[in-house]
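Encoded as structure tokens, the structure appears first; notes follow it.
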Amino acid sequence: MDKEQLKVWMADWFKRNNANPEWKEQRNKQRAQKRRDNKRKAVEFMGNRCARCGESFPDCCYDFHHKDPLDNNEVPSTKLHCSWKRIEQELSKCIMVCSNCHRIIHNEDGYIAHEKRNN
């Protein structure tokens, strides 16, 4: 099976299985658990503390902020379902901050990254 045939087969397979509510619910639970596990691992990897205020919070309170606001082609949290290697590559461009500090950072920099995404 060549690459194009595989792509068609996979699209058909997902269409059939997405029609099955039990399969879809189980898949969503597995993906959510993988994201939570990878978030926990990423928080540990980044040091378990906000890079700005130095406080420690539960995993859910942390955001990953790009060091260079113009170099953020990816939103780090969307990579949490990927392989650890891809997650680590994205995290290497980031600092980990609590959600409050993240909002302050964006307010102070005039939302440069947000403007880039809108262009």
*Could you please find all residues in region 9-20 being in a helix (DSSP H, G or I) and open to solvent by less than 90 Å² (accessible area, probe 1.4 Å)?*
M10, A11, D12, W13, F14, N17, N18
_I'd like the residue in region 78-103 that is polar (S, T, N, Q) and over 12 Å from D63 (Cβ atoms) and, out of all such residues, is modelled with the lowest pLDDT._
T78
_Six or more apart or on different chains, Cβ atoms under 9 Å: show the pairs whose first residue is in region 32-47 and in contact (Cβ under 8 Å) with a residue 24 or more places away in the chain and whose second is open to solvent by 90 Å² or more (accessible area, probe 1.4 Å)._
K39/C60
*Report, by residue number, each residue of region 43-79 that is closer than 17 Å to S99 by Cβ, assigned to a loop (DSSP other than H, G, I, E, B), open to solvent by 40 Å² or more (accessible area, probe 1.4 Å) and not aromatic (F, W, Y).*
M46, G47, N48, R49, A51, R52, C53, E55, S56, P58, V75
*Only residues that are in contact with a helix residue (DSSP H, G or I) (Cβ under 7 Å, 6 or more places away or on another chain) and either open to solvent by 80 Å² or more (accessible area, probe 1.4 Å) or on the phi > 0 side of the Ramachandran plot (or both): list them for region 21-40, please.*
K24, R40
*Kindly indicate whether E25 is part of a helix (DSSP H, G or I) and without any contact (Cβ under 8 Å) to a residue 60 or more places away in the chain.*
yes
*So, of the residues in region 81-98 that are more than 18 Å from C50 (Cα to Cα) and polar (S, T, N, Q), which turns out to be most open to solvent (accessible area, probe 1.4 Å)?*
Q89
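The values are calculated or read from the model by the stated rules, or taken from the named source; none is laboratory data. Quick caveat: nothing in here was measured; it's all calculated off a predicted structure. All Cβ positions, even for glycine, are placed from backbone atoms using ideal geometry, and neighbour counts span all protein chains on display. The area values use the complete protein model at the heavy-atom level, side chains included, leaving out ligands, DNA and RNA. Shrake-Rupley method; radii C 1.70, N 1.55, O 1.52, S 1.80 Å.
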